[in-house]
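Input: a single structure, listed below in structure tokens.
Values in this text are rule-based calculations from the coordinates and carry no lab data. Note that the structure is a prediction, hence the values are computed from the model and not measured. Reconstructed Cβ throughout: ideal geometry from the backbone, glycine too, with neighbour counts over all protein chains shown.
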Amino acid sequence: MKRIPQILIIAMVLALGIAMLPGQARAEYVIKFSHVVSPQTPKGKAADAFAKLVNTRMAGKVRVEVFPSSQLYNDNKVMEAMRLSDSDTTGIMAAPSLSKFVKFSRTLQAFDLPFLFNDINDVHTLVDSDLVEEMTQPLQRKGLRALTFWDNGMKVFSIKGSKPLRNVPDDFNGNKFRIQSSEVHAAMIKALGGTPQKLPFKEVYTALGQGVVDGQENAWSNVYSKKFHEVQSYVSVSNHSYLGYLVVVSNHFWKSLPADIRTELTAILKEATTANRQFAAEADTGDRKKVEDSGYAKVIDLTADEKSEWRKATAKVEDEFRSQIGDDLLKKIHTLLGH
Ligand code: LMR
């Protein structure tokens with residue numbers, strides 16, 4: 001057999017070394033974790049915590065690289081990339097909001113329903129129950145594997161103008177609101193009296209600043225970290241629905257991983273999920289306070305009566321989506337939550 005010259009071997013070793021970034025151990029499997037929010041949000045922090053734990057405990061086997069703030073993909077693109085990916089060694093992972101999964105599972109639209117959850121504890125009751133299995137199972141046939149649920153928090157509404165959003169439909173009338181790509185959100189905005197406009201997260205700050213839309217709904221950490229409050233006049237604390245995420249990975253990649261690696265990753269994701277709930281609870285009060293202290297948008301708490309009007313106005317949304325989500329599933333969710 002012909003011998004490879006020593007100089008060539010040295011050159012190959014050097015080239016491999018240069019190809020690796022400093023501080024990155026060589027690994028058999030690489031996971032690129034793409035998300036659209038800031039690193040200091042509950043999702044951003046949880047993704048970083050997951051990466052840190054994997055890169056420490058599974059060094060040499062798996063390496064996680066995190067790409068925040070839509071640097072790699074927006075949410076629609078990342079799901080397509082995951083579905084098309086056929087690599088056994090490089091996997092794409094992401095945590096798009098539950099609102100962005102309708103194409104893959106109609107039952108997940110339940111998470112978008114206005115006033116389904118009284119608070120974050122209700123959300124945890126549902127995501128910790130067996131019911132979520134039937135909601136996430138359809139994703140596998142579409143090339144995605146659901147791994148865990150992460151929180152952001154309950155959503156608030158903001159608007160630019162002379163008065164806050166308090167009375168429905170009057171305060172919504174004539175105003176345009178940015179929404180995620182969710183038909184449930186569109187129906188909710190119409191029920192409240194406004195006009196919905198779907199836009200990617202990356203475009204929201206500019207759209208608010210330039211008056212393309214008048215307002216938006218989001219969780220506190222997104223309002224604060226993306227500076228929405230700086231281009232809005234009022235934030236109404238409506239807690240009308242939930243913003244949370246499904247951590248997903250390409251099903252092909254996940255199935256290609258050796259079973260022991262999947263088990264270790266699943267255990268680490270569980271720790272990251274516990275940390276995420278803590279980050280979300282902190283952001284819920286901490287980022288609200290930062291918005292209040294900033295001197296930009298004024299924060300308004302809705303009265304119980306006002307909230308009850310919002311609830312009444314949006315009650316029809318559940319009926320509109322009953323057949324898509326499934327009457328049986330909705331009944332089970334209400335029984336589980338006790339209301
Ligand atoms: C949004 O588009 O408003 C959110 O889904 C962004 C996010 O991931 O929190």
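The residues neighbouring L199, those whose beta-carbon lies less than 14 Å from its own, together hold a net charge of +2 under the Lys/Arg +1, Asp/Glu -1 convention. Rounded to the nearest 10 degrees, the inclination of helix 304-325 to the longest alpha-carbon principal axis of the chain is 50 degrees.
Could you tally the net charge around L116, taking each other residue with its Cβ under 10 Å from the Cβ of L116, Lys/Arg +1 and Asp/Glu -1? After counting each charged neighbour, the total is -3. Once the Cα-Cα distance is subtracted from the 0.36 nm per residue extended length, the E134 to L329 segment shows a gain of 69.3 nm.
When Y73, Y224, Y205 are arranged by Cβ crowding within 10 Å, least crowded first, meaning fewest neighbours, the order is Y205, Y73, Y224. Amide hydrogen proximity for A219: with H placed 1.01 Å from N in the peptide plane, the residues at 5 or more positions away or on another chain lying under 5 Å are V156. Helix 183-192 axis versus longest C-alpha principal axis of the chain: approximately 20°, rounded to the nearest ten. Express as a percent, rounded to the nearest 5, the fraction of DSSP beta bridges in the chain (both residues included) that run antiparallel. If we restrict to bridges inside the chain, about 50 percent are antiparallel. Electrostatic bookkeeping for S158 treats Lys and Arg as +1 and Asp and Glu as -1; over the other residues with beta carbon under 15 Å from its beta carbon, the sum is +4. Where does helix 259-294 land angle-wise versus the long Cα axis of the chain, in degrees 0 to 90, nearest 10? Tilt of helix 259-294: around 40 degrees. Only helical runs count toward this figure. For the chain, summing -39,500 (n - 2.57) over DSSP H runs of n ≥ 4 and dividing by all residues gives -14000 deg cm²/dmol at 222 nm. For the range 152-244, the tally of Lys pairs with Cα-Cα distances below 21 Å comes to 26, considering only residues 8 or more apart or on different chains.
Between K270 and H124, the simple label model (points 7 Å from Cα in the Cβ direction) yields a spacing of 1.7 nm.
For T148, the residues 5 or more places off, or on other chains, whose built amide H falls under 5 Å of its own are V247. Taking max minus min of the alpha-carbon positions on each principal axis, the chain gives extents of 84, 46, 30 Å, largest first. One decimal place: the segment R311-N76 gains 81.6 nm when fully extended, by the rule 0.36 nm per residue minus the C-alpha distance.
The simple spin-label model puts a point 7 Å past each Cα toward its Cβ; for K227 and N167 those points are separated by 3.5 nm. The length gained by stretching the chain between A281 and H339 to full extension, at 0.36 nm per residue less their Cα-Cα distance, is 18.6 nm.
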